[in-house]
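Have a look at the structure below before the remarks.
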Amino acid sequence: MKKAKRFMTGAEIFFECLRYEKVKHIFGYPGGAVLKLYEQLYDVDFLEHILVRHEQGATHAAEGYAKATGKVGVVLVTSGPGATNTVTGIADAYMDSVPLVVFTGQVASHLIGNDAFQEADIVGITRPITKHNFLVRDVKELAITIKQAFYIASTGRPGPVLVDLPKDVINSSCDFEYPEEIDLKGYKPVYFGHQNQIKKAAEMLKKAKKPLLYVGGGVIMSGGTNELAILAKENNLPVTMTLQGLGSFSGIEDQSLGMLGMHGTYCANMAVNNCDLLIALGARFDDRVTGNPDTFAKDAYKIHVDIDPTAIDKNVTVDLPIVGDVKHVLAEIASELSEPLKYDEWWDQINSWKDECPLLYEDNDGRLRTEFVIESLFNKTKGNAVIVSDVGQHQMWTAQYFNFTNPRSFITSGGLGTMGFSVPASIGASFGVKDKPVISINGDGGFQMNIQELVTAVAYKLPIKFVVINNSFLGMVRQWQELFHLEKYSFTDLSASNPDFVKVAEAFGLKAFLVESPKEMKSTLDKAFEINNGPVLIECRVVQEDMVFPMIPPGASVESMIVKRLNSKQ
Amino acid sequence: MKHIISVLLENRFGAFNRVATMFSGKGFNIQSISIGETEMPETSRMTLVTSGDDKIIEQVVKQLNRLIDTIKVVDLTQSSNIIREMALITVFYQKGTRSEITNICNIFRGNIVDINNKTLTLEITGPPDKIDAAVNVLMGYGIKEMARSGAVALKRGEQIKDQRKETTFTQL
Ligand SMILES: Cc1ncc(C[n+]2csc(CCOP(=O)(O)OP(=O)(O)O)c2C)c(N)n1
């Protein structure tokens, strides 16, 4: 592998490094500061560059790619506005721990600080929203910096890393040799949990009468879903998942209680509230999960397994912290348990909660509802699909009603809650996953936030199914206005201004379908899923005033859970 | 409670900013920061004075550790450690008070580093509470201007084991 030193330009070195990092896809948009890189790219054949239509789209696409494949998502954009347009995607990736490497062009080194044309201090701007970032000041540092960037992005708790590339660095030359190793004195993630702590965790499981596994996205990132399944199944442990954790444990298994938190199932939240042992696995006690942190699982002994020490004791104080890779820790806990454990009484209790208040929706008035659309998508794909949702009510219904059976089958913006995420993220996912349909689920509001990326999907003939759940409202905001803001529907009604989505899609070059009643749903999906030489759009006109339940109001405790609409409007 | 935290930092572009950004982003407070070279040219040592309850300080230390540029983070709050600060204090004097102020300066083992017809400038070094005490006394005479360096600190010498040249970090 190791080659002799060669004298190369920064641009050549750049792509050689990407070759070494086995990069196959890069999402980008050209501009003045990166022209030399694009000149070089013209002759590069080992990777595919995907031209998006907005740099925000590039970062979300790279996120979708990374979340679908587990690989690092790579972005290349120009300086100034190109760089600032990536900010939302970078912040989103930071919140959801998505491994990205974002390369931004920069004005030439001697112009930095001069308010030069298209200069922005992107390193300064992104410092609080990256895991780390770099300004490359000398072409001799380029290779090692790129190596470090990929290493930092993909190891430990993953996250976005930005590399700012001044024009002169790319244009100048030096001897190239790809570093074999790197040594970052200040960065040594801990992968193996403390033995005594692990033993203690196993002891607690043996002692517990009412244990619960609370599983976050970390289990998927660490590749620990098999270890989770083994521990949970062999020991009859109930599993509840966060939004990012969905798919880590199959949602169709009886042991799955579904999602917990603000819009979690009644059963999951009751179990959290009553358990005597809570094991948090790669989860971070986000406020959308805990509500009031003081009453969250208040009687439980709490164990927290996470690779990021700062996640521990941040929002909720725990009794037993285990810093390490959750995959290893799960396997080790399981190996400490010689006899399978049983919790029969606890399961009786859990099952009675399941029966008491299952997820249900009105389905006999002939009107189309989002819940039904999501169920229909599940039935059509048998769960064998990659679902990329946007942000809002439809996102929560997707989380509730699509029983995710596989890891990396649900991609959504959780921590930042970025509307406009789904369309570009589904494009990235579609480049990463070829053996399953990719379905992008959007509200009519968020769909318009990165609608330009439909062109990208058309240009690359991606077989994405874009679903627009059209309730003519910024539905989730409308729900809060109805529940908490005196029914003042301030600026959330889009009915007068929404475009004709079918026509819009057709103008972009998609085949488009309209569904207005439940009975049209199945046949339309059958038709839409026949088309695989390019994207399709399915607009679903759903009931306008529906609300997502159950709901625990923000900051409140499980006792305040609203399980169904109090006044029957509509 | 006040905490003195010592951070060994890679001497890289933006490293200092990253620490400052983290403090403001997380809402931690900083009473003082001092930063300077160490025995190793590629690192710098930063001494931070911050305050908060145990939970906050634990997060401060963890968040500092999490930054890629930080090599080592230690809470040196214990008084057994060596903590020093320097202050330059310009004080007004009158006929009768000049020798009083000079005496006070001696008591605090300071130096008079400047004098003119109205003011004296004192240089005082010591643990921060000693500086506080000096400032309190001098306030009575009227302080014209003051500059404090912020604390610098080192762990008091645990015997360094013979580890060839790599003893570098054990100091901190
Ligand atoms: C970029 C951005 N701006 C604003 C919000 C606040 N917000 C959260 S949900 C929501 C409404 C989304 O409406 P829509 O896309 O129609 O989806 P629905 O809730 O109706 O399913 C808004 C405005 C956000 N999350 N992201």
Given a Förster distance of 60 Å, report the FRET efficiency between A:S497 and A:D435 from their Cβ-Cβ distance, rounded to the nearest 0.05.
0.90
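With the cut-off at 1.5 for a/c, could you classify region A:341-384 from its C-alpha gyration tensor as rounded, prolate or oblate?
It is oblate, given that a/c is not under 1.5 and a/b is not larger than b/c.
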Distance in nm between A:E181 and A:D526 label points, each 7 Å along Cα→Cβ, equals 6.2 nm
Using a Förster distance of 51 angstrom, determine the FRET efficiency expected from the C-beta separation of A:Y460 and A:S335, and round it to 0.05.
0.65
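Give the shape of chain A as rounded, prolate or oblate, defined through the alpha-carbon gyration tensor: a ≥ b ≥ c are the square roots of its eigenvalues, a/c under 1.5 means rounded, and otherwise the shape is prolate if a/b is larger than b/c and oblate if not.
Details: a/c = 1.96, a/b = 1.24, b/c = 1.58.
It comes out oblate by the Cα gyration axes.
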State the answer as a single residue: which of A:A283, A:T317, A:Y266 lies farthest towards the positive end of the charge dipole of region A:248-380, with beta carbon charges of +1 for Lys and Arg and -1 for Asp and Glu, about the Cα centre.
A:A283
Run the numbers for A:L486 and A:D355: contour at 0.36 nm per residue of separation, minus the present Cα-Cα distance, in nm.
43.8 nm
Just to be sure I understand the model, the point goes 7 Å from the Cα along the line to the Cβ. What's the resulting B:R12 to A:E506 distance in nm?
5.4 nm
Do any trypsin sites (Lys or Arg not before Pro) in region A:154-255 lie in a loop, going by DSSP, with at most 15 other beta-carbon atoms within 10 Å of their beta carbon, and if so which?
A:K185, A:K209
Magnitude of the charge dipole, region A:237-295, Cβ model with Lys/Arg +1 and Asp/Glu -1, debye to 20
120 debye
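FRET efficiency for B:D114 and A:K342, Cβ-Cβ distance as r, R0 = 56 Å, nearest 0.05? Show your work: numbers first, answer last.
On the way: r = 81 Å, r/R0 = 1.45.
With a Förster radius of 56 Å, E is 0.10.
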Between A:H194 and A:S172, what length comes free when the chain is fully extended (0.36 nm per residue of separation minus the Cα-Cα distance, one decimal in nm)?
3.1 nm
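Which is the longest run of chain B containing none of the trypsin sites (Lys or Arg not before Pro) found in DSSP loop states (not H, G, I, E, B) with at most 15 other C-beta atoms within 10 Å? Let's see the in-between values first.
Details: sites that count: B:R109, B:K118, B:K155, B:R156, B:K161, B:R164.
Result, exposed sites excluded: B:1-108.
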What are the trypsin sites (Lys or Arg not before Pro) within region A:1-53 that DSSP puts in a loop, where the Cβ has at most 11 other Cβ atoms within 10 Å?
A:K2, A:K3, A:K5, A:K22
Can you give the longest stretch of chain B with no exposed loop site, where a site means GluC sites (Glu not before Pro) in a DSSP loop (not H, G, I, E or B) with at most 13 other C-beta atoms within 10 Å?
B:43-157
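Peptides A:438-450, A:315-327: what's the order by average Cβ count within 10 Å, highest mean first? The partial results should precede the final answer.
Values: A:438-450: 27.0, A:315-327: 20.1.
Descending packing order for the listed peptides: A:438-450, A:315-327.
Quick note: the coordinates plus some simple rules give every number you see, no bench work behind them. Keep in mind the model is a prediction, meaning the values are calculated, not measured. For neighbour counting, all protein chains shown are included, and Cβ atoms are generated from backbone atoms with ideal geometry for every residue, glycine included.
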